[in-house]
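S.K.: This is the structure I have questions about; it appears just below.
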Amino acid sequence: MVGINSLGNRRARAVWPIVAPLLVASWAVACRSVAAQGPQAGDSAPKVEAAPPKAQASADKSAGSRPAHLIRVACPIDSAAESRVRAAVTRLMSKNTAGAAERPVIVFEFSPGQSDGGRGTEFGHAFELARFIASDPALNGVKTVAYIPRTIKGHAVLVALACEEIIMAPDADLGAAGIDETVIGPAIAGAYKEIAEAHKTVPTPLVLGMLDKELQVLRVTTEVGADYVLAGKDFEELKKRRAVKSVDEISPRPGLYKGLRGRTELGFVSYLAKDRQEVAQALELPSSALRDDPTLSGTMRPIQVPIRGVITKSLSDQTQRKIQDQIDGGGVNFVCVWIDSAGGSHEDCASLAGYLASLDSKQVLTVAYVPARAQGDAALVATACDQLVVGPDAVLGGSGAFELDPGAIDLVRRMTIDSLKKKGVYWSLPVALIDPTLKVFSYSRKGNGMAEALSQEEVDTFDDPKAWIQGEPITANSGPLRLSGDRAVALRLATSAVNDFSEFKRAYNLQDDVTMVEPGWADYLINAMSSPGILGFLLFLGLAGIISELYAPGHGIGGFISVVSFMLYFWIEYLHGTAGWLQVLLFLAGMGCLLLEIFVLPGFAIFGLGGGLMIIFSLVLASQTFIIPRNDYQLEQLKNTAVMICGAVIAAGVASVLFRRFLPRAPGLNRIFLHPMSGAEREQISNRESLVDFSDLVGQTGTATTLLMPSGKARFDGRLVDVIARGEVIDRGAEVVVVEVRGNHILVQGVQAE
């Protein structure tokens, strides 16, 4: 036991020159990162770029537009379709719109599906739905608009005629309402006449001409202007009242009119629009206002999926799998993506964003909830959802965990543009959150007061780019665009701002029993252990275990604790995507160098210093996703990592002092941790363990027969012995003198020439 104690004390003394570089290096890294942060290094919240005052005012002015909603009308219309539209309108009207400055707008988008223009619609259901839209008290004070992007035939036409305005795609057709009827009876004709007279969106003769192919519609020009009448009795009565100047027949029969003709010749089409963006521009609405909301027309089946920390491939794949399983197996139609992330690998973020953007918005409404941050690439995930709800002080975009190179930015930019185009929204503002080269301005369309955040590159892709007037800049010249939550709402990138999740649930009428797709117990454990405090404690246990093993070798308790602690540390960081094989190999190589310094080549400190630095680098790299910090976020991460490591090293150093001083005297532990030996005891044990007595060589001068670096051989009066140079390299043939003998170890130093 005494021999073991002697070995432990020698190992303990040998490790201090190695622990010291660890401590100094940790402190230097912490000080450097704090200095790099400057006066703002201790700020808890990242700074958000301020927009130019004029651009802010312009955006705020545009943000106060009237409420608008889109309801898809599936054709052919049957009892289920009628019920869904009624339920959607009722749910919308249940929301408080009393504070709106202008009349709310409901856009009914007619979707014929696979049928021939919606043929097969049942007259009774179409008439009841048309009467509901045209005259139900629930829609008092609401502006109703029919949007027809594709051809509509059959009795679905009756529902479109019930709206106050009609917007059509230029090539879409509207008409042939009676194509499914063999005979047009008085009841059907009377119903069409009743709906036509409600808002007079389309002249009644044109409406009846759309219904009955036997009717001939005439455009008659008199001294007071042009009017539409039916040939026969109506035309004869008109001639009795006014002088007819010209008569033109409106063809074909039955009436089937393209949007372009309805706008330019017949005049019942208010605007022409190829997509929802153009509909929004025509109605002076935000481009994001007209989006599908599948929760309006049926039971809401929501889930919540959290995305926290660095976005890795495993997290991206796991999130996509969770959402798809819930959609396929549970019929989910509302997905709340709770984001609190500083970004991640651009490929993984782009993959997750592309998946969210590809979800069919007719079946699933995706809403991103960002209470605190969605920095860097995480902003792409947030903006890929159908709607975005933020905290007032949340941070969107700007610098994140990863610094994208120009090639990566170009790749992510193209993927983002493609996914957002599919959703029918403008892409400039989301892309500017990661692309520092993209310049975004406040653009307004001639004759339209609604401002949009656009880049010149996106404007150039429009059919009429010259119709857009460039205003004040939104982006600055200092890196990717970074927005606060309130600013994102002002620019209409975000739908709304809420203070907490309770407000979020009230905004979407979510109940307390909402299904939350939360991580399992293992995920909770990993998230809890990934906190800086737990990771620092694991580092402390690892270092303290090594030191305790040096003081009391042979029992293995400290070594076991150290192995488990470091294994947990790297495993947790690996699961969070910040540690890989490089960090593990660096750590193992550093430990190998330390052991080499302690047991094989003590005293020279090269392997000890190098091993300590490799361990430092492995621990730092395992805690972050970068090597050299290039932005404020990465500097903050480096500071936190350095402080954590520095604290663990200091705590381990204090623990080693306590181990040496108190544990040998503690009851029950004095059998493991022995009292330090006196100098006489150490000398006696050293002499006892030596096989040969070299004490007579002390003070003798000899010649080095090999290079001493630091060990080698020397000759003294014909005796060739192994020696160790004290703190220097001695060339072969140089004179040396024996300064100390420790058992079998003969310590020499060079003789200085006079």
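S.K.: Taking 0.36 nm per intervening residue step and subtracting the Cα-Cα distance, what contour gain separates Ile534 from Glu223 on full extension?
M.R.: 103.0 nm
S.K.: Turning to a different aspect of this structure: Measure off, as a whole percent, the carbon and sulfur share of the 1.4 Å-probe accessible area of the stretch 103-186, all protein chains present.
M.R.: Working: 1320 of 2790 Å².
Whole-percent figure for carbon plus sulfur exposure: 47.
S.K.: For the stretch 360-428 and the stretch 129-162, what is the separation of their C-alpha centers, rounded to whole Å?
M.R.: Cα centroid of the stretch 360-428 versus Cα centroid of the stretch 129-162: 35 Å apart.
S.K.: Can you say what percent of the DSSP beta bridges in the stretch 362-497, counting only those with both residues inside, are antiparallel? Round to 5. Could you put the intermediate results ahead of the total?
M.R.: Values: 12 of 20 bridges.
So the antiparallel bridges in the stretch 362-497 amount to around 60 percent.
S.K.: Label the stretch 122-166 by shape, choosing from rounded, prolate and oblate, from the square roots a ≥ b ≥ c of the eigenvalues of the Cα gyration tensor; if a/c is under 1.5 it is rounded, and otherwise prolate applies when a/b is larger than b/c, oblate when it is not.
M.R.: On the way: a/c = 3.48, a/b = 1.27, b/c = 2.73.
Judged from the Cα gyration tensor, the stretch 122-166 comes out oblate (a/c at least 1.5, b/c at or above a/b).
S.K.: For a quick check: with amide H placed at 1.01 Å from N, whose amide H comes under 5 Å from Val73's, ignoring anything fewer than 5 positions away on the same chain?
M.R.: Those lying under 5 Å, H to H, from Val73 are Glu109, Phe110, Ser111.
S.K.: Then there is this: Tell me which residues come under 5 Å, amide H to amide H, from Val332 once H is placed; ignore anything under 5 positions away on its chain.
M.R.: Ile327
S.K.: Can I ask one more? Using DSSP to define loop residues, name the GluC sites (Glu not before Pro) in the stretch 126-185 whose beta-carbon has at most 15 other beta-carbon atoms within 10 Å. Intermediate results must be reported in sequence, preceding the final value.
M.R.: Values: sites: Glu128, Glu164, Glu165, Glu181; in loops: Glu164, Glu181.
Here the sparse-neighbourhood loop sites are Glu181.
S.K.: Under the classification rounded if a/c is under 1.5, otherwise prolate if a/b is larger than b/c and oblate if not, where does the stretch 696-754 fall, given a ≥ b ≥ c as square roots of the Cα gyration tensor eigenvalues? Before the final figure, lay out each step's value.
M.R.: Details: a/c = 1.27, a/b = 1.17, b/c = 1.08.
Here the stretch 696-754 falls in the rounded category.
S.K.: State in Å² the accessible area per residue of the stretch 415-497; use a 1.4 Å probe, count heavy atoms of protein chains only, and round to the nearest integer.
M.R.: Details: 3390 Å² over 83 residues.
With the other protein chains kept in place, the stretch 415-497 gives 41 Å² per residue.
S.K.: Quote to one decimal, in nm, the extra length available between Phe235 and Arg414 on full extension: 0.36 nm per residue of separation minus the C-alpha distance between them.
M.R.: Numbers: separation 179, 0.36 × 179 = 64.44 nm, distance 6.00 nm.
Length gained between Phe235 and Arg414: 58.4 nm.
S.K.: Now for a separate question. Quick check: pseudo-label points 7 Å beyond the Cα along Cα→Cβ at Val563 and Lys193, how many nm apart are they?
M.R.: Distance between label points: 9.6 nm.
S.K.: May I ask you to derive the FRET efficiency for Asp722 and Leu595 from their Cβ-Cβ distance with R0 = 22 Å, giving the value to the nearest 0.05? Present the calculation step by step, with values, prior to reporting the outcome.
M.R.: Numbers: r = 22 Å, r/R0 = 1.00.
The formula returns an efficiency of 0.50 here.
S.K.: Among the listed pairs Lys213/Lys240; Lys274/Lys421; Lys439/Lys639; Lys143/Lys423; Lys153/Lys200, which are separated by more than 22 Å between their Cα atoms?
M.R.: The answer is Lys213/Lys240; Lys439/Lys639; Lys143/Lys423.
S.K.: Another one. Using alpha-carbon positions, what is the distance between the centroids of the stretch 726-752 and the stretch 432-482, in Å?
M.R.: About 77 Å separates the Cα centre of the stretch 726-752 from the one of the stretch 432-482.
S.K.: Treating only the Cβ atoms of Lys and Arg (+1) and Asp and Glu (-1) as charged, compute the dipole magnitude of the stretch 301-402 about its Cα centre; round to the nearest 20 debye.
M.R.: Details: 7 positive and 10 negative charges, 33 e Å.
I would put it at about 160 debye.
S.K.: So, with a 1.4 angstrom probe, what is the percent of accessible area on the stretch 259-395 that is carbon and sulfur?
M.R.: 44 percent
S.K.: So what are the ³J(HN,Hα) numbers for the stretch 190-200, from phi and the Karplus equation (6.51, -1.76, 1.60; θ = phi - 60°), rounded to whole Hz, Gly and Pro as x?
M.R.: In residue order, the calculated couplings are x, 5, 5, 5, 4, 5, 5, 6, 5, 10, 6 Hz.
S.K.: Let me ask something else about it. For the stretch 365-481, what's the relative contact order in percent, using C-alpha pairs closer than 8 Å and at least 6 residues apart? Intermediate results must be reported in sequence, preceding the final value.
M.R.: Values: 192 pairs, mean separation 26.9, N = 117.
23 percent.
S.K.: Let me ask you something else. Set the Förster radius R0 to 51 Å, insert the Cβ-Cβ distance between Gln752 and Ile628 as r into 1/(1 + (r/R0)^6), and round the FRET efficiency to 0.05. Could the numbers behind the result be given before it?
M.R.: Values: r = 46 Å, r/R0 = 0.90.
The value I calculate is 0.65.
S.K.: Is the stretch 411-456 best put as rounded, prolate or oblate by its Cα gyration tensor, with a ≥ b ≥ c the root eigenvalues, rounded for a/c under 1.5, and otherwise prolate when a/b is larger than b/c, oblate when not? Please report the intermediate quantities before stating the final value.
M.R.: On the way: a/c = 3.37, a/b = 1.57, b/c = 2.15.
Verdict is oblate for the stretch 411-456.
S.K.: Here is a further query. Would you mind calculating the gained length between Val183 and Trp581 on full extension (0.36 nm times residue separation, minus the Cα-Cα distance), in nm to one decimal?
M.R.: Values: separation 398, 0.36 × 398 = 143.28 nm, distance 7.86 nm.
Gain in length upon complete extension: 135.4 nm.
S.K.: If you don't mind, there's one more thing I want to ask. Under the Karplus relation 6.51 cos²θ - 1.76 cosθ + 1.60, θ = phi - 60°, what is the ordered set of whole-Hz ³J(HN,Hα) values for the stretch 382-387, x standing for Gly and Pro?
M.R.: Values per residue, Gly and Pro as x: 5, 6, 6, 6, 5, 9 Hz.
S.K.: Might you tell me the accessible area per residue for the stretch 258-349, computed with a 1.4 Å probe and given in Å²? Walk me through the intermediate numbers first.
M.R.: Working: 3400 Å² over 92 residues.
Ligands and nucleic acids excluded, the figure is 37 Å² per residue.
S.K.: So, one more: At R0 = 56 Å, how high is the FRET efficiency between Ile606 and Asp464 if r is their beta carbon distance? Nearest 0.05 is fine. Intermediate results must be reported in sequence, preceding the final value.
M.R.: Values: r = 72 Å, r/R0 = 1.29.
Efficiency, from the Cβ-Cβ distance: 0.20.
The values are calculated or read from the model by the stated rules, or taken from the named source; none is laboratory data. Everything quoted here is computed from the prediction, not taken from an experiment. Every residue, glycine as well, gets a Cβ built from its backbone with ideal geometry; the counts of neighbours run over all protein chains shown. Quick note on the areas: whole protein, heavy atoms, side chains included, nothing else; ligands and nucleic acids left out. Shrake-Rupley method; radii C 1.70, N 1.55, O 1.52, S 1.80 Å.
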